[in-house]
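Have a look at the structure below, then the notes.
Computed from the coordinates by the stated procedures, all read-outs in this text should not be read as laboratory data. Values in this document were obtained by computation on a predicted structure and should not be read as measured data. Neighbour counts run over all protein chains shown; Cβ positions are idealised from the backbone, glycine included.
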Amino acid sequence: MTSPIEIEGAEASPVLDKESAPQGDAPKPKEPEGRKPGQLMWARFKRDRAGVISAFVVLFFFVIAAAAPLISKVYGKDPYTLYGQDNPDLLDMFTMPAAPFGGIDGDFWFGIEPGLGRDVFTQLLYGMRNSMATALAATLIMTFLGVLIGLAGGYFGGKIDYWLGRITDFFMALPSQLFFVAAMPVITTVFVAPDKETPTYVRAAAIIIVLSFLGWMSMARIVRGATMSLRDREFIEAARISGASPWRILRKELLPNIVTPTLVQATLTLPSTILSIAFLSFVGVGYVEPTPDWGRMFKIGAEIIEQDPYYMLFPGVAMVIFIVAFNLLGDSVRDAFDPKGNR
């Protein structure tokens with residue numbers, strides 16, 4: 001039978017051993033590794049179901065727009081051939097689609113265009129391709145100009161910030177829609193004589209110039225505010241004391257810290273730019289015949305909406321889905337970068 005003294009010694013000995021053991025020999029618990037801001041942003045974004053779905057929708061639109069020539073080749077039709085003129089049975093005596101629902105059948109998935117009888121499906125594919133490519137180029141230029149002007153005004157301050165601010169106010173006060181309509185013919189005549197037909201690439205360049213000229217101000221305002229909140233921080237002062245040049249401070253210290261507002265604003269700018277391109281084509285100063293474009297399809301659809309309402313169906317649904325998805329994606333990206341902000 002074990003004595004109480006032995007029991008107490010048995011219980012006390014492990015405690016004495018732990019206390020007497022050197023601390024360096026004890027195994028240290030593994031500390032959790034911290035995640036980078038990009039990893040935290042990605043984790044928050046993946047938890048946003050609306051953002052993930054919107055990202056897939058936007059990616060789908062960009063993929064099919066980029067693959068428009070391949071899809072057209074597999075489909076067996078293109079947006080330029082006048083199928084209604086080659087086959088008179090496709091159009092009735094009023095040059096409307098002879099088949100019901102705008103000519104939708106196994107050969108023409110989205111129907112045919114009234115009057116000329118072109119394929120609506122390939123016109124939509126190439127129209128999305130042209131609109132997205134033009135909007136992407138214009139958005140990149142707007143982002144570059146806005147970041148450059150916003151950084152300069154926010155960091156240097158003083159007279160530079162004052163005059164850049166006044167220039168920004170002036171451009172924001174311009175009636176953008178009217179300026180688009182008035183400036184497009186002027187810009188195209190700079191490159192092409194009035195008696196000659198304007199090539200498509202010249203029109204694309206003119207659209208990009210006009211949109212970029214009047215679209216950088218919001219980005220500049222956002223970048224200026226973010227730069228002013230950072231220019232007096234300790235790491236900026238340390239860079240100044242160490243002898244870093246203003247260009248190095250702007251490029252190495254400030255620019256990486258304004259990526260978040262820049263990316264969010266660019267994400268929200270792209271869909272509005274696509275709408276502006278569609279507006280220019282709708283009023284006849286953007287892309288014109290025979291170049292496929294979303295806005296030009298809306299213009300044709302508005303003229304024959306009573307006779308053939310189905311022609312507007314697929315371009316309109318595609319535009320609504322893309323714009324809504326891109327706006328939701330922009331909101332999700334903003335919330336992923338700034339979880340404390342309110343949607």
Just to confirm the number: angle between the C-alpha axis of helix 259-282 and the first principal axis of the chain, 0 to 90 degrees, nearest 10? 10
Over the chain, calculate the relative contact order: mean separation of alpha carbon pairs under 8 Å at least 6 apart, over the residue count, as a percent. 22
Please list, by residue number, everything in region 288-325 whose backbone N is under 14 Å from a paramagnetic label point 7 Å out along Cα→Cβ of Val192. 288-292
Rounded to the nearest 0.05, what FRET efficiency is calculated for Phe170 and Met228 with R0 set to 22 Å and r the Cβ-Cβ distance? 0.60
Evaluate E = 1/(1 + (r/R0)^6) for Thr200 and Leu40, where r is the Cβ-Cβ distance and R0 equals 30 Å; express this FRET efficiency to the nearest 0.05. 0.10
Given the candidates Phe94, Leu214, Ile323, the one whose Cα lies deepest towards the positive end of the charge dipole of the chain, counting +1 at each Lys or Arg C-beta and -1 at each Asp or Glu C-beta, is Leu214
If R0 = 25 Å, then Ser245 and Tyr162, at their Cβ-Cβ distance, give a FRET efficiency to the nearest 0.05 of 0.60
Highest average packing first - 272-280, 194-202, Cβ atoms within 10 Å: 272-280, 194-202
Given only helices, namely DSSP H runs of n ≥ 4 each adding -39500 (n - 2.57), what is the per-residue ellipticity at 222 nm of the chain, to the nearest 500 deg cm²/dmol? -21500 deg cm²/dmol
Return the Rg/Rh ratio of region 31-130 with Cα-based radii and a Kirkwood Rh. 1.31
Here are labelled values, (i) 20.2, 67; (ii) 30.4, 119; (iii) 19.2, 57, and one is the computed Rg and Dmax of the Cα atoms in Å for what I pasted. Which one? (ii)
Top positive-direction residue, dipole computed over region 103-204 with Cβ charges, set Leu116, Thr139, Thr168: Thr168
Cα-centre dipole for the chain with unit charges at Cβ (Lys and Arg positive, Asp and Glu negative), debye to 20: 1320
What is the Cα convex hull volume of region 245-334 when expressed per residue in Å³? 112
What GluC sites (Glu not before Pro) does region 241-309 have in DSSP loop regions with at most 15 other beta carbons within 10 Å? Glu306
